[in-house]
Amino acid sequence: MVIELFGNGQPPRLYTSDVGESGRYVALSYCWGGPQPASTTTKTLAVYAERIPVENQPRTIQDAIRVTRELGIRYLWVDSLCIIQDDDAHKAREIANMRSVYENAVFTLCASSAKKSSDGFLHRRKALTHPITSLGYRSRDYFVSFEMDYRCPDGRNGKVSLVGDQMSILHHDPIVDRAWTFQESLLSSRCLVYSTTQMVWRCRTAFKTTGGLLDWGNWMSNAPLLDLGEPGPIGRLKKPTDDPRMISMFTMGNDMYNLTGRTANRPRKGLDGQVLEPSPTADIYLKWMKIVSLYTSRQLTDPSDKFRAIAGIARKFAPLLDDQYCAGLWRSNTLDGLAWQRNLYGGRNATRTSSSSFDFSGPPEKKWRAPSWSWASMNGAISYPDQMALSTMDPIAQITDVFVENMNEDPFGDVFWGELWIEGWLRRVNIEPITEEDWPDRLKFKRDDLRFADVFIRDGERDGIRCGSAMLDESIDGVVPYQWECEHGLEEIYALSLYRSNCWAVDGRALRVHGILLVKWPIGNYNRIGWFDSFASDMEEIKPWFVRENYEAVQLV
C-alpha cells in the first residue's frame, strides 16, 4: 500500500497494488514525536482509499507530499498512512517487509531536522551559530564569527558562514536519536536529507551537500556504501553494483564509527592453545556488533520494539553469514556476541527488563523482552570491544547450545524465551561498589563523570581479595541492586571466564581474564548481570580459577 499522488490538484489517496505490479516510489524517514493524529486505521482505510485530506496531516507528511510531487514521482510510502495502525496482523507483516520498502525506494526522504511530525522540514534555515571545535580539542569551544549576506538564485537574501580550516560544525539532528530511523537510513540505497544546516544527497556513487560544507562529522556520519564482504576505507566511493553484500552506512548524525576494520590483528588461540583459523565471515560479524552498538545508543518510544526496529538489518545480514539469528546474537558467533557491556557514554541510566519471561507487570521498559545474555534485554546503550581488543582475547569457554523461541515463528521478531548452555571456568565472587576514594588522583571522577567500572570483584574463595573490576549491566548509584536481590531468593554471584589475554605488568608478562558476572537462581540456572576484567596477574595467582572442579556446564536464561 502506497500514497498515490496526482499532479492536477486532485488530492492523494491510498493505493493497494496488484500482485506483480511495480512502480517508482519515495519512502519517508522521520520522527513521529508522539501519536500520529491522522494515521490509517481500520475506520479510515476506506476513506483514505478515496481521498487523503492533506490539510489534516502533520506538516512533515505535507512537506514530503510536496517534494515527491514536484520531483515527478507518483507514489510515496509513509508508515503512519501505509500501515494500518490498529491492525496487529497487518502491522507485523509490514514491519517484516521493512527492509524491502527502503531498499527498493527510488530514494528515502529523510526529515532529519524535524523533532516531531508537526515540525515539517521545508522552512528557512537559521544562520549557523552552532559551537565549533577543532578536531582533537573538544575542550576548546569556538563560535562562528564571520557571516556575510548572499543573494540566492531565486532573488531572496541568505547568509554564508565562513568556517576555519580543519574545523567541524557540531550539529545534532533530532532524527539521529531515534532507533527506527537508523534502520531506515541504513537500508536505503539513496537518501535525500533535509538536515538542520543544509541538504545532503547520498547514493552508491556520491555524497553531495548544498551548503558547500563537507566537514569531518558529515563525512563520517553520511558514509557512502560499504562492502560487507571485504574491508575498505571510510569515504571510498563504490561503483554502482547489485552485489547483495553491499550495505550502505548512513547514520545521519555524529555516529563516527569505522566499520571497515578486520577482526583479527593477531591470530587468536583456542582452548587447546592452537591457532584458530579466521572465519571468512569474521569481518561481517564485527560489523554487526558495531551496528548493534550504534543502534542501542538511540531511543525507542515503545521498548517492545527492540527487535522489530533492527529486524530489517538482521535480515540483510542473515544470508551473508549463513547463520541463525538468536535473540540479537548469531549462533556461530555466540561467544563473541556475549562480550557486550554497558556503554560508558550512553548507558549511564541503563536498566534491564524483568528476569522472568512470565512477568508482564510493571512499566513497558521492565517487561521481559529477551534473555539476560542478550544485549536486547537492556534499556540503554551497550558497546562491544573493538577489533584490536577482541583479537587479543583468546576464548577459554565453549558454547554448547543455544535455544530461542520466537513469537509468531519469526526468527527476527519478538522473543518468547531463550536459553544458552556454555562450558567454562566458574568462580564464586563478591562485589563491592567503587568509590571516589578508590581511584588514584589522576583518575578521580565527580558524581556525573564517566566511570570505567562500577564495582570491584573479590575472590569468594581466597579471603575476599580484590581480583578485578566489573561494569554492571544496570547502572547503579551508591548501591548494588543485585546484592539486594541475593537477600530475597537469589543465591550467589559468580564470574564465568570467557577469554584470557596476555599483557605486561610492572614485573613482566602477566595474564588477564575477561568474562561475565552471573547470579544463580535457586533452581540452578543463571542470569547475566555484568562484564568483568581481572587485574593483571602472574600465572600462579590466577591458577586457582582454573582448577578442574571449577569447570562447569552453565545454563543462562
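Quick look at the values:
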| quantity | calculated |
| --- | --- |
| Whether region 11-98 is rounded, prolate or oblate, judged on the alpha carbon gyration tensor where a/c under 1.5 counts as rounded | rounded |
| Residues with amide H under 5 Å from that of residue 431, placed H, sequence gap 5 or more | 458 |
| Amide H within-cut-off set for residue 33, under 5 Å, with H built and near neighbours excluded | 117 |
| Long-range HN-HN contacts of residue 112 with modeled amide H, under 5 Å | 194 |
| Members of 208/306; 115/306; 367/520; 116/306; 290/316; 115/316 lying beyond 25 Å, as alpha-carbon distances in this model show | 208/306; 115/316 |
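None of the figures in this text is laboratory data; all of them are computed from the coordinates on show. None of these values were measured; they are calculated from a predicted model.
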